[in-house]
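The block underneath contains the structure these notes are about, expressed in structure tokens.
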Amino acid sequence: MKRLGVNIDHVATLRNARGGLHPNPLVVAKEAMKFGADSITIHLREDRRHIKDDDLKKLSKAKIPLNLEIACNFKMMKIALRNNPNFVCLVPEKRQEITTEGGLNIIKYHKKIKFIVKKLNNKKIRTSLFINPTIKDIIYSKKINANCVEIHTGRLSDLVKKKKNYLTELRKIKKCAKFADSIGLEVHAGHGMDYKTTKILSKVYEIEEFNIGHFIIGEAVSIGLKRVIKKIIKIIKN
């Protein structure tokens, strides 16, 4: 069965805009799970622009399947090991970027990534690498002993939203998903997805998990969190 992970980073963005306690990411996480999400994703950025350490601490202690996205460095690795989330996804991170712009440079930094993955795996934390849809990245992900790869779907999403030809990018994702699955890597997808992109990618048999955040939180302002989650689940599970 295909799964939905709801990223709640931008609940924290909204809270931080006023510097108060509302809306509360933990409360929204519990609501998302009640409405059918399979897990909750948060990205603890190095500059703490949205999710804070206290959010991570509270969510880690709650009975919620938690997927923690972190930059690939030793400081963030230690934070992950200390909080012991269910899952960790290693992502590239630039201080000046508005949002994640692509996958890890997995070939250049494979030794460092392998060390971090080993530490996480030793603590029974499911590890995922956020990668571009290339066969080389998948081969290296397997060598690194990651449990999963999360394919960056940002380019496909942009093309779909701009009503441009996205078939070449979709073929790349399909090819990579099939290859990753064939060598024993669980396949996830994330970044920039909306209803239409999710529907397109839901037809890729090998993708088992969709991690969607900005669109869900943004759409919830108009139609409510329950309704948008139910709509996304209907798309990915039909």
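The values are calculated or read from the model by the stated rules, or taken from the named source; none is laboratory data. The shown structure was predicted, so the numbers you read here are calculated from the model rather than taken from an experiment. Methodologically, a virtual Cβ is constructed for each residue, glycine included, from the backbone with ideal geometry; neighbour enumeration extends over all protein chains shown. All accessible areas refer to the heavy atoms of the entire protein, side chains included, with ligands and DNA or RNA removed. Shrake-Rupley method; radii C 1.70, N 1.55, O 1.52, S 1.80 Å.
Taking the range 223-238 as the range and being open to solvent by 20 Å² or more (accessible area, probe 1.4 Å) and either modelled with pLDDT of 95 or more or in contact with a Leu (Cβ under 6 Å, 6 or more places away or on another chain) (or both) as the test, the residues that pass are Ile223, Gly224, Leu225, Lys226, Arg227, Lys230, Lys231, Ile233, Lys234, Ile235.
Do we have any residue at all in the range 45-67 that's assigned to a strand (DSSP E or B) and crowded, with 20+ Cβ neighbours inside 10 Å? Let's see the steps before the verdict.
Taking the range 45-67 first, the residues assigned to a strand (DSSP E or B) are 66-67.
Add one more test, that the residue is crowded, with 20+ Cβ neighbours inside 10 Å, and what stays is 66-67.
Checked the range 45-67: at least one residue is assigned to a strand (DSSP E or B) and crowded, with 20+ Cβ neighbours inside 10 Å.
Inside the range 178-222, can you point out the residues that are in a helix (DSSP H, G or I) and closer than 18 Å to Cys148 by Cβ?
Filtering the range 178-222 down to residues in a helix (DSSP H, G or I) leaves 178-182, 195-201, 214-222.
Those that are in a helix (DSSP H, G or I) and closer than 18 Å to Cys148 by Cβ: Lys178, Phe179, Ala180, Asp181, Ser182, Leu201.
Taking each residue of the range 149-170 that is in contact (Cβ under 8 Å) with a residue 60 or more places away in the chain and looking for partners that are not hydroxyl-bearing (Ser, Thr, Tyr) with beta-carbon atoms closer than 6 Å, six or more apart or interchain, yields Glu150/Cys89; Glu150/Phe130; Glu150/His188; Glu150/Gly190.
Filter the range 178-189 for residues that are open to solvent by 10 Å² or more (accessible area, probe 1.4 Å) and touching a helix residue (DSSP H, G or I) at 6+ places or on another chain (Cβ under 7 Å) and give the result. Outline the logic, then answer.
Residues of the range 178-189 that are open to solvent by 10 Å² or more (accessible area, probe 1.4 Å), as a first pass: 178-179, 181-184, 186.
Result: Phe179, Ile183.
Pull up the range 142-176, narrow it to residues that are polar (S, T, N, Q) and part of a helix (DSSP H, G or I), then point me to the one that is nearest to Gly190 (Cα to Cα). Top of the filtered list is Ser157.
Listed conditions (1) touching a residue at least 24 places away in the same chain (Cβ under 8 Å); (2) within 16 Å of the chain's Cα centre (by Cα) are all met by Phe215, apart from (1). If you check Lys163, Lys175 for being of a type in the set (D, E, K, R), surrounded by fewer than 17 Cβ atoms within 10 Å (Cβ to Cβ) and on the phi > 0 side of the Ramachandran plot, only one passes: Lys163.
Taken as a whole, the range 106-125 holds at least one residue that is closer than 22 Å to Leu66 by Cα, more than 16 Å from the chain's Cα centre (by Cα) and in a loop (DSSP other than H, G, I, E, B).
Every residue, every condition in (1) open to solvent by less than 50 Å² (accessible area, probe 1.4 Å); (2) over 18 Å from Asn105 (Cα atoms); (3) within 18 Å of the chain's Cα centre (by Cα); (4) at pLDDT below 95, yes or no:
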{"site": "Ile139", "(1), (2), (3), (4)": "no, no, no, no"}
{"site": "Glu150", "(1), (2), (3), (4)": "yes, no, yes, no"}
{"site": "Arg171", "(1), (2), (3), (4)": "no, yes, no, no"}
{"site": "Met193", "(1), (2), (3), (4)": "yes, yes, yes, no"}
{"site": "Lys203", "(1), (2), (3), (4)": "no, yes, no, no"}
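Restricted to the range 7-34, and to residues there that are open to solvent by 30 Å² or more (accessible area, probe 1.4 Å), assigned to a loop (DSSP other than H, G, I, E, B) and of a type outside the set (Gly, Ala, Ser), the residue that is nearest to Leu225 (Cα to Cα) is Asn24.
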